[in-house]
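Colleague: What follows is a single structure, and I will ask about it in a moment.
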Amino acid sequence: MNSTVPDVVGANEQSDVELDVLRWIRLARLVLQAERAAKDETLGLIFIDEATMTDLNVRYLDGDGPTDVLAFPLGDESLTTGRFPDEGGRGPGSPRVVPEMPAILGDVLICPTVAQKQANERSRSLEDEIALLVVHGTLHLLGYDHGNPDEASRMQKREHDYSYCLFQYLQPNLHRVRNQQLTLMDSLRIVRVE
């Protein structure tokens, strides 16, 4: 884990849509940086198939069928160290001081096949759709809630700004804006202007 930026751990647990998981990890990390998330926070970014997404949507949100993205925050519960349930020592030779555990924000789960269908319906690329979903799920884990009308417009503006500016920053060979090099800091300055 890089101690200067929040960490994102990614996994591709589906095989229907080819993905560059590292690209989406970088985007989630950029959103965390732009939102000034704590440097010791960790987010999970997992791409899953429709059957798994359907099961999770039905089980946890009383949804019907698959959805595009789900965010499962872990909240502020601290992780237990030591030897539960006896809370005894860590064993012979173990250091007395327990290393600090990273703060785990939670997991963002994305279904690429649903994203592909939505991209087709909205006449946009799969990459644009997944960028929006990565940003959307990450913002949810940071406390944004589009269920609240006041928060909804703020969240949508952030989604648009981050998915456009930061995703463009990640595009190979597209770092030029009006013949100038677009840097990460340029992207973040563009996003911060409200």
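The values are calculated or read from the model by the stated rules, or taken from the named source; none is laboratory data. Everything numeric here is computed off the predicted structure, so don't read it as measured data. Note that each Cβ is placed from the backbone with ideal geometry, even for glycine, and that neighbours are counted across all protein chains shown. These area figures cover heavy atoms from the full protein model, side chains too; ligands, DNA and RNA do not enter into them. Shrake-Rupley method; radii C 1.70, N 1.55, O 1.52, S 1.80 Å.
Colleague: Taking the criterion of being among the acidic types (Asp, Glu) and over 14 Å from the mean Cα position of the chain (by Cα), would at least one residue in the range 28-36 satisfy it?
Modeller: No, the range 28-36 contains no residue that is among the acidic types (Asp, Glu) and over 14 Å from the mean Cα position of the chain (by Cα).
Colleague: Any idea which of Arg154, Arg90 is open to solvent by 60 Å² or more (accessible area, probe 1.4 Å), in a helix (DSSP H, G or I), out of contact with any Asp or Glu (no Cβ under 6 Å at 6 or more places or on another chain) and at pLDDT below 90?
Modeller: Working: Arg90 fails: in a helix (DSSP H, G or I).
The match here is Arg154.
Colleague: Here are the criteria: (1) at pLDDT below 95; (2) outside any strand (DSSP E or B); (3) in contact with a helix residue (DSSP H, G or I) (Cβ under 6 Å, 6 or more places away or on another chain). Tell me which single one Ser123 does not satisfy.
Modeller: Going through (1) at pLDDT below 95; (2) outside any strand (DSSP E or B); (3) in contact with a helix residue (DSSP H, G or I) (Cβ under 6 Å, 6 or more places away or on another chain) one by one, Ser123 breaks only (3).
Colleague: Looking at (1) surrounded by 12 or more Cβ atoms within 10 Å (Cβ to Cβ); (2) within 19 Å of Gln118 (Cα to Cα); (3) charged (D, E, K, R), which one does Asp64 not meet, given that it meets all the others?
Modeller: (1)
A quick yes/no check of all residues on (1) at pLDDT below 95; (2) loosely packed, with under 12 Cβ neighbours inside 10 Å:
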residue: Phe84; (1), (2): yes, yes
residue: Pro102; (1), (2): yes, no
residue: Cys111; (1), (2): no, no
residue: His140; (1), (2): yes, no
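Colleague: Restricting attention to the range 1-21, report how many residues are over 16 Å from Leu132 (Cα atoms) and within 15 Å of the chain's Cα centre (by Cα).
Modeller: 8
Colleague: Filter the range 41-56 down to residues that are polar (S, T, N, Q) and either at pLDDT 95 or above or more than 19 Å from the chain's Cα centre (by Cα) (or both), then give me how many there are.
Modeller: Result for the range 41-56: 2.
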